[in-house]
1. Report yes if some residue within region 37-55 is assigned to a helix (DSSP H, G or I), at pLDDT 90 or above and touching a His at 6+ places or on another chain (Cβ under 9 Å); otherwise report no.
2. With in contact with a Ser or Thr (Cβ under 6 Å, 6 or more places away or on another chain) and free of Cβ contacts under 8 Å to residues at least 40 places away in the same chain as the only criterion, which of Gly58, Gly68, Gly25 stands out?
3. Could you go through region 8-19 and let me know if any residue there is modelled with pLDDT of 95 or more, among the small types (Gly, Ala, Ser), under 18 Å from the mean Cα position of the chain (by Cα) and part of a helix (DSSP H, G or I).
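The values are calculated or read from the model by the stated rules, or taken from the named source; none is laboratory data. Owing to the predicted nature of the structure, the values given are computational and were not obtained by experimental measurement. For neighbour counting, all protein chains shown are included, and Cβ atoms are generated from backbone atoms with ideal geometry for every residue, glycine included.
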Amino acid sequence: MDDQEAYQKAKRRVEAKIGFYTHAGVYVAVNLLLVAINLLTSSHYLWFKWPLLGWGIGLLCHGLGVFGFSEGSATKERMIRREMEKHK
């Protein structure tokens, strides 16, 4: 891998991480707003948990894609090595 390829790969990883951190920040800000709205308007029923849960699942999947199973991740590399060993 030459320097240009390494740079492009690193750039994609950094952009993916920034995208995840942006997503996480928006998730926290919006859900804090939803909690406040819920508690100020209808505290007898706590509905904010539903968007928090649904979006949280999406955020978890995004995080796994960025940190768990992305190009060049340690987990992905281990899985590839195992598959290669099975088929020798």
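1. Keep residues of region 37-55 that are assigned to a helix (DSSP H, G or I), which gives 37-41, 49-55.
Okay, now just the ones that are also at pLDDT 90 or above, so 37-41, 49-55.
Next cut, touching a His at 6+ places or on another chain (Cβ under 9 Å) only: none.
For region 37-55, residues assigned to a helix (DSSP H, G or I), at pLDDT 90 or above and touching a His at 6+ places or on another chain (Cβ under 9 Å): absent.
2. Numbers: Gly58 fails: in contact with a Ser or Thr (Cβ under 6 Å, 6 or more places away or on another chain); Gly25 fails: in contact with a Ser or Thr (Cβ under 6 Å, 6 or more places away or on another chain).
None of the others qualify; the one that does is Gly68.
3. Here is the first cut: in region 8-19, the ones modelled with pLDDT of 95 or more are 18-19.
From what is left, the residues that are among the small types (Gly, Ala, Ser) are 19.
From what's left, under 18 Å from the mean Cα position of the chain (by Cα): 19.
Checking the rest, the ones that are also part of a helix (DSSP H, G or I) come to 19.
Among the residues of region 8-19, at least one is modelled with pLDDT of 95 or more, among the small types (Gly, Ala, Ser), under 18 Å from the mean Cα position of the chain (by Cα) and part of a helix (DSSP H, G or I), which makes the answer yes.
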